[in-house]
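J.: Shown below is the structure under consideration.
Read-outs throughout are calculated quantities, based only on the coordinates presented, and are distinct from any laboratory measurement. The model shown is predicted, which means the values in this text are computed figures rather than measured ones. Cβ atoms come from the backbone with ideal geometry, glycine included; neighbour counts cover every protein chain shown.
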Amino acid sequence: MAGNFVVNTDKLVVSTTTGNTAIGTTDTSTYKLNVGGTGNFSGQTRISLDNDVTTTDATGSLIVGVQGANNIGIDGNEIMARNNGTAATLYLQNEGGSIQTGASFTQSGATTFSTGTGTNTLNGATTLASTLQVNGNTTLGDANTDTTTVRGLTTLSDSSSTYPLRFGADVDLYRGAADRLDLATGDSLNLVSGNIQQNGTNRLTTAGLFQAADGAVGGPSYSFSNSTNMGMYRIDANNLGFSVGGTERLRVTNTGASVTGNLGVSGSTTLKTVNQGYSANERYYPNVISYTQDATVSGAWVIHTPIDRSSNHMSRIRVHGYLYGNSANIDFYITVYSYSGCNGNVDGLAGCATNYGLEDLGNDGLSKYVGIDANGKLTVAFGDTGTSIYFGRVSVDAWITRTAVDYSSGWSIDLSTTAGFGWKDSRAH
């Protein structure tokens, strides 16, 4: 049959040439089925053709809208909003209502959530392969959430005191400047346990101990922002240094301290034993020990040194003071050699006080002795076992040569009423 099959002019038109059908219109020129008006399908509607949808208007198994303008293309697994061949915005629930996914929500490009005056909630697993931009306030978790995990790089692009990372209602953390992390004014950092490290090395321990790097004389460990070459540093094992202007001025060791440069003392200062010497093989100790008695005492006054009987050291020892009750000045020098090549005249063992001499500048009139005490140490004494002295005061200086040994300690003074003082070698003057 030639021509079209027509029912009531435009109610149903079938082209007998192309087979195209029109309902509610007579246009059969383009589509297999062209419906003018509203269609109602009460059963299942199936489109068997799977034409991949792209931004091109004519693609997709189902097209909703006007080709060449805004339309949506749908295929077997995609929905594409487009406008005249370019990608357009796809609006879901634009007038309100929620969007729910049964499994993961995955995106491959930038995702922007604009909250407006409402709330957007992502429940379940949500995977964002690129950028998530949230405009407005954002809450991770709620009152029933135990854990929120963020994996990978998280950047706060506009972090500042105005837009911090806030904990609770009162603790703010933010980027204060380039390469700097700040806590808001008034907030505190509390290390509950563990250590604070720098490059894997502990700097502040859980016990509250600061452990600085060694530093150097020109860049000490503890310095000042306006004087970075002045402060304290570790020289090496058991040696602590203090530098000023990049120069060491004070060194403290496990045996004492030494000053480089002049030492000025202002005000009243008490110095005990001073270990000094002009050359490397001598030591001089002014007031190495002193002794006072505020009563009447009996016996010889015995000064014990730490110098060994066989040390082969040469010593000049000065004993000086005032014997108030005796109305006498005491001031004498003993020069002596503690020699390993001779024997004590009491015990006969190696080591004695030899080549000794006395220079007496006082008026006390007491006997003077030098020898080796019961401990094998060089010893000096004045007075005898029956000597009585009232309110006596003495001080001892020592100059010891042929040695760099520190003899600043180990001295003592006592009284002896024992004949011979218990010495192993005794020389009288």
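J.: What dipole magnitude, in Debye to the nearest 20, does the chain give about its Cα centre under +1 on Lys/Arg Cβ and -1 on Asp/Glu Cβ?
T.: I would put it at about 700 debye.
J.: Tell me the volume per residue, in Å³, of the convex hull enclosing the alpha carbons of the range 149-199.
T.: Dividing the Cα hull volume of the range 149-199 by its residues yields 149 Å³.
J.: Next up: Lysine pairs in the chain with Cα distance under 28 Å, only those 8 or more apart or on different chains: how many are there?
T.: Summing the qualifying lysine pairs gives 6.
J.: Follow-up question, since we're still on this one. Could you order the peptides 341-350, 219-228 from most to least packed, using the average number of other C-beta atoms within 10 Å per residue?
T.: Sorting 341-350, 219-228 by mean packing, highest first, produces 341-350, 219-228.
J.: If the viscosity is 1.002 mPa s and the temperature 20 °C, what translational diffusion coefficient in µm²/s does Stokes-Einstein give for the range 209-368 when Rh comes from Kirkwood over Cα pairs?
T.: Details: Rh = 20.4 Å.
The calculation lands on 105 µm²/s.
J.: Then there's this: Two decimals, Cα atoms only, Kirkwood Rh: what is Rg/Rh over the range 326-383?
T.: Values: Rg = 13.1 Å, Rh = 12.4 Å.
Across the range 326-383, the Cα-based Rg/Rh ratio is 1.05.
J.: Hey, can you grab everything whose amide H is under 5 Å from the amide H of R203? Only 5+ residues off in sequence or another chain; H modelled, so Pro and N-termini drop out.
T.: I196, Q197, Q198
J.: How do 364-373, 286-295, 149-158 rank on mean C-beta neighbours within 10 Å, highest first?
T.: Per-residue Cβ counts within 10 Å, averaged per peptide and sorted highest first, yield 364-373, 286-295, 149-158.
J.: Rounded, prolate or oblate, given the Cα gyration tensor of the range 375-424, with a/c below 1.5 counting as rounded?
T.: Details: a/c = 2.90, a/b = 1.63, b/c = 1.78.
Judged from the Cα gyration tensor, the range 375-424 comes out oblate (a/c at least 1.5, b/c at or above a/b).
J.: A further question follows. Would you please give the residues with an amide H less than 5 Å from that of N326, counting only those at least 5 places away or on a separate chain, with H modeled from the backbone geometry?
T.: Amide H neighbours of N326: Y390.
J.: So who's got an amide H within less than 5 Å of the one on G65, skipping anything under 5 residues away but keeping other chains? H placed 1.01 Å off N, in plane.
T.: Distant-sequence amide H within range of G65: I72.
J.: Taking 8 Å as the Cα distance limit and 6 or more residues as the minimum spacing, I'd like the relative contact order of the chain as a percentage.
T.: Once normalised by length, the contact order is 9 percent.
J.: Give, as a single signed number, the net charge of other residues whose beta carbon lies under 10 Å from the beta carbon of I372, with Lys and Arg counted +1 and Asp and Glu -1.
T.: With Lys, Arg at +1 and Asp, Glu at -1, the net is 0.
J.: Short version: ³J(HN,Hα) in whole Hz for each residue of the range 224-234, in order, from phi by Karplus 6.51 cos²θ - 1.76 cosθ + 1.60 (θ = phi - 60°), x for Gly and Pro, what are they?
T.: Rounded to whole hertz, the list is 10, 4, 9, 8, 6, 9, 10, x, 10, 8, 9.
J.: Find, to one decimal place in angstroms, the Kirkwood hydrodynamic radius of the chain, where the mean of 1/r is taken over every pair of different Cα atoms and then inverted. Please list the in-between numbers first.
T.: Working: mean 1/r = 0.0297 Å⁻¹.
Averaging 1/r across every pair of different Cα atoms and inverting gives 33.7 Å.
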